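One structure is given here, and the rest of the page talks about it.
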Amino acid sequence: VATGAAMQIKKLEEQVQIQEMMSQLLTQLEKAEAYHLQLGEELTQYQLELHNCEYEVTRSELELSRAQRTQLEHRVALLASELADGEPCAVCGSLEHPRPASSEVGIELISDPELESLERALLAARTLRNDQRIKVDALNSEVSLAKIELATLNGKVSGTSHLARIHI
């Protein structure tokens, strides 16, 4: 009877240890799931910020392109307004001007400093976008590691659960 009781006590002690291990693993799993959820929310926010950065780069590229085109059109119009019969063209040197472009009165040229400012804004937008891409990539890696940790903990919980059933 004493031997049977000792065996029963030993089995109960093993069961208590398995239950304690299971409790610890479930606590770790709960924390890992909460962390994974938090990372998912952060990743969504980072991706939204990256989308906004992409939009800003596109907007800046378009604004710079429009300004460059407008500056070119204005320069052509200004050169056309300076054409005079019998004087050489400032662009090609021709003395004849069969179809000179019409010039608009009161055109203000887009200045080089204005273009430089737009170029700096574009560079800043690209830098911000690239930095955000790095953040998204890093967070994606962290999410992947968190998924591996979750899978590992789920495996341990499952294995410990199996042990608990064997010892019952």
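Quick notes
- A count restricted to the range 1-27 and to residues that are open to solvent by less than 100 Å² (accessible area, probe 1.4 Å) and under 46 Å from the mean Cα position of the chain (by Cα) stands at 8.
- Some residue of the range 113-132 being acidic (Asp, Glu) and modelled with pLDDT under 85: no
- Failed item, numbered, when Glu41 is tested on (1) modelled with pLDDT under 90; (2) open to solvent by 60 Å² or more (accessible area, probe 1.4 Å): (1)
- Scanning the range 107-125 for residues that are part of a helix (DSSP H, G or I) and aliphatic (A, V, I, L, M) returns Leu115, Leu118, Ala121, Leu122, Leu123, Ala124, Ala125.
Table: residues versus (1) open to solvent by 80 Å² or more (accessible area, probe 1.4 Å); (2) more than 30 Å from Leu50 (Cβ to Cβ).
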| site | (1), (2) |
| --- | --- |
| Arg75 | yes, yes |
| Pro88 | yes, yes |
| Ser94 | no, yes |
| Arg120 | yes, no |
| Leu128 | yes, no |
| Gln132 | no, no |
| Ala138 | no, no |
| Lys147 | yes, no |
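- Lone unmet requirement of (1) touching a His at 6+ places or on another chain (Cβ under 8 Å); (2) open to solvent by less than 90 Å² (accessible area, probe 1.4 Å) for Glu108: (2)
The values are calculated or read from the model by the stated rules, or taken from the named source; none is laboratory data. Predicted model only: the values in this text are computed from it and were never measured. Positions of Cβ are backbone-derived with ideal geometry, glycine not excepted, and every protein chain shown enters the neighbour counts. Just so you know, the surface numbers come from the protein's heavy atoms only, side chains and all, with ligands and any DNA or RNA stripped out. Shrake-Rupley method; radii C 1.70, N 1.55, O 1.52, S 1.80 Å.
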